[in-house]
Amino acid sequence: ISTDVTTAGNIYATSTLQAGGNIIGYGNVKVAAAYGVDSWTAGTLHIGTTTATLINIGKTAANLSILGNTKIPAAYSIDVLAAGTLNIGTTTATLINIGSGTATTSILGNTTVLAASTIDTGSAGALYIGTSTANAITIGKSTITTTIAGQAALTNASSTLHTNSGVSWLNGNVNVNG
């Protein structure tokens with residue numbers, strides 16, 4: 001057909017429906033269950049790249065499965081629609097990796113972990129905290145006991161161990177190196 005086709009009803013295709021130009025739908029475009037929307041040949045499938053200002057996929061009560069990697073352009077983000085909690089891996093995930101081994105990961109707000117949880121390295125090795133630009137490190141609050149389970153070492157001769165009350169209790173091994 002070399003002209004526009006306009007219908008007030010439905011268009012059904014029992015085989016391939018091809019268009020050399022745009023297909024404009026003024027209502028919902030529906031695909032039968034277990035079928036999908038795909039590119040004609042191997043390549044990129046673009047959705048909403050010309051005039052869309054918001055793309056909604058699914059409904060709020062529906063699960064959305066992304067079966068491949070998700071990539072987000074630089075300077076963009078993943079966020080919640082309104083003020084609230086962004087949950088990642090809260091149902092079935094047993095491990096969550098953020099960033100690569102060579103990437104710097106920035107946490108711009110406070111970090112809270114569940115009681116009895118740990119902060120640790122992925123394999124045996126040193127855990128460094130505040131070694132680049134921090135000018136003070138505070139662990140715990142003044143009204144709690146902070147326990148160091150292993151040996152404590154001060155690594156330069158000018159390091160001091162002090163408390164605001166002027167009293168220090170040292171039990172076990174304390175090494176001063178330098």
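The values are calculated or read from the model by the stated rules, or taken from the named source; none is laboratory data. These numbers come from a predicted model, not from an experiment. For neighbour counting, all protein chains shown are included, and Cβ atoms are generated from backbone atoms with ideal geometry for every residue, glycine included. These accessible areas exclude ligands, DNA and RNA; they are computed on the full protein's heavy atoms, side chains included. Shrake-Rupley method; radii C 1.70, N 1.55, O 1.52, S 1.80 Å.
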Review point. Looking only at segment 1-50, which residues are over 30 Å from K71 (Cα atoms) and aromatic (F, W, Y)?
Key: Y12, Y26
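Quick check on N22: is it more than 30 Å from N110 (Cβ to Cβ), open to solvent by 100 Å² or more (accessible area, probe 1.4 Å), part of a loop (DSSP other than H, G, I, E, B) and free of Cβ contacts under 8 Å to residues at least 24 places away in the same chain? Let's see the steps before the verdict.
Working: more than 30 Å from N110 (Cβ to Cβ): yes; open to solvent by 100 Å² or more (accessible area, probe 1.4 Å): yes; part of a loop (DSSP other than H, G, I, E, B): yes; free of Cβ contacts under 8 Å to residues at least 24 places away in the same chain: yes.
Criteria met by N22.
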Study note, to complete from the structure: Being hydrophobic (A, V, I, L, M, F, W, C), closer than 29 Å to H46 by Cβ, open to solvent by 80 Å² or more (accessible area, probe 1.4 Å) and within 14 Å of the chain's Cα centre (by Cα) narrows I88, I96 down to just I88
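To keep it simple, each residue is scored yes or no on (1) modelled with pLDDT of 90 or more; (2) under 30 Å from N28 (Cα atoms).
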| site | (1), (2) |
| --- | --- |
| T53 | yes, yes |
| I57 | no, yes |
| A61 | no, yes |
| L67 | no, yes |
| S77 | no, yes |
| T85 | yes, no |
| I98 | no, no |
| V113 | no, no |
Practice item. May I ask you to say which residue of I129, I78, I72, I107 is open to solvent by less than 100 Å² (accessible area, probe 1.4 Å) and either under 30 Å from L54 (Cβ atoms) or β-branched (V, I, T) (or both)? Key: I72
Point to revise | Selected residue (criterion: nearest to S106 (Cα to Cα)) from residues of segment 131-157 that are among the hydrophobic types (A, V, I, L, M, F, W, C) and either part of a loop (DSSP other than H, G, I, E, B) or in contact (Cβ under 8 Å) with a residue 60 or more places away in the chain (or both) | key: A134
Review point. Is one or more of the residues making up segment 60-69 free of Cβ contacts under 8 Å to residues at least 40 places away in the same chain, part of a loop (DSSP other than H, G, I, E, B), farther than 26 Å from V37 by Cβ and hydroxyl-bearing (S, T, Y)?
Key: no
